[in-house]
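In what follows, a structure is listed as structure tokens, so that the remarks can point back to it.
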Amino acid sequence: MTRHVLVLGGARSGKTGFAERLALHGGVKPAYLATAEALDGEMRDRVASHKAVRGERFATIEEPLKLPDALIRASKDHDVILVDCLTLWITNLLLANEDVSSAVSELGATLIQLKRAKVILVSNEVGLGIVPDNAMARTFRDLAGAAHQRLAEICDDVYFVVAGLPMTLKGEPPEQTPTHIHEA
């Protein structure tokens, strides 16, 4: 049975490294589906750094908007797909004036139908801080929170990572995996 996974955590919490360990432990042909767009020099450097650290262990697929379609295509060649990250994807959708709620519903429907590959979704938990001071930031926080709730319903396993330590919120505790791959 394919078990889809949602990994939540704050910025620099260790969630990506944990998700990478899950992916490498759980599949023989993993893909890394990146949602980031390198629109400036700093982001280009971050993307290049992430790619260099991952090396040849993952096939890299870049898709900033059409995540459900990219998952379907990737599942034809890969047994595990790590999506990093949902909050960037939601940002991309907002900036493109796309309907985020509909896109999340489509992603949920895709996950329910997708049985060929395990999907590991990584996202920033943005609802633990203060209420944002502007309407766009509040909208983003609300959309991300709603997306997390919907996807947590669908995913078999949900983890919250703090200080590099995963807490199981739903499903099976993670199997012991190597302690560190990276967190760029």
What dipole magnitude, in Debye to the nearest 20, does the chain give about its Cα centre under +1 on Lys/Arg Cβ and -1 on Asp/Glu Cβ?
-> 400
At a Förster distance of 35 Å, what's the computed FRET efficiency of residue 43 paired with residue 142, Cβ-Cβ distance as r, to 0.05?
-> 0.90
Collect residues whose amide H, placed 1.01 Å from N in the peptide plane, falls under 5 Å from the amide H of residue 79; neighbours closer than 5 in sequence don't count.
-> 28, 29
Within the chain, which DSSP H helices have Cα atoms that stretch 15 Å or more along the helix axis and a mean Kyte-Doolittle hydropathy of at least 0.0?
-> 100-113
GNM top mover of 134, 124, 97 - the chain, alpha-carbon springs below 10 Å = 134
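Using only alpha carbon pairs under 8 Å that are at least six residues apart, calculate the relative contact order of the stretch 5-170 and give it in whole percent. Working shown, then result.
On the way: 258 pairs, mean separation 60.3, N = 166.
So the answer I get is 36 percent.
Given 20 °C and 1.002 mPa s, compute D for the chain with the Stokes-Einstein relation, Rh being the Kirkwood radius over Cα pairs; round to the nearest whole µm²/s. List each step's numbers first, then the result.
Working: Rh = 16.5 Å.
It diffuses with D of about 130 µm²/s by this estimate.
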Per DSSP, the loop-located trypsin sites (Lys or Arg not before Pro) within the stretch 76-184 having at most 12 other beta carbons within 10 Å are 76, 115
How large is the helix-only mean residue ellipticity at 222 nm for the chain, computed as the sum of -39500 (n - 2.57) over DSSP H runs with n ≥ 4, divided by its residue count, in deg cm²/dmol to the nearest 500?
-> -13500 deg cm²/dmol
Report the residue, chosen from 142, 79, 40, that carries the largest GNM mean-square fluctuation when the chain is represented by alpha-carbon nodes joined by springs under 10 Å.
-> 40
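From the gyration tensor of the Cα coordinates in the stretch 109-180, what semi-axes in whole Å does the equivalent ellipsoid have, largest first, with each one equal to sqrt(5λ)?
On the way: eigenvalues 129, 67, 18 Å².
Those come to 25, 18, 9 Å.
Every read-out reported here was derived from the displayed coordinates using simple, explicitly stated rules and does not represent laboratory data. Source: prediction; values computed, not measured. As a convention, Cβ positions derive from the backbone with ideal geometry for all residues, glycine included, and neighbour counts pool all protein chains shown.
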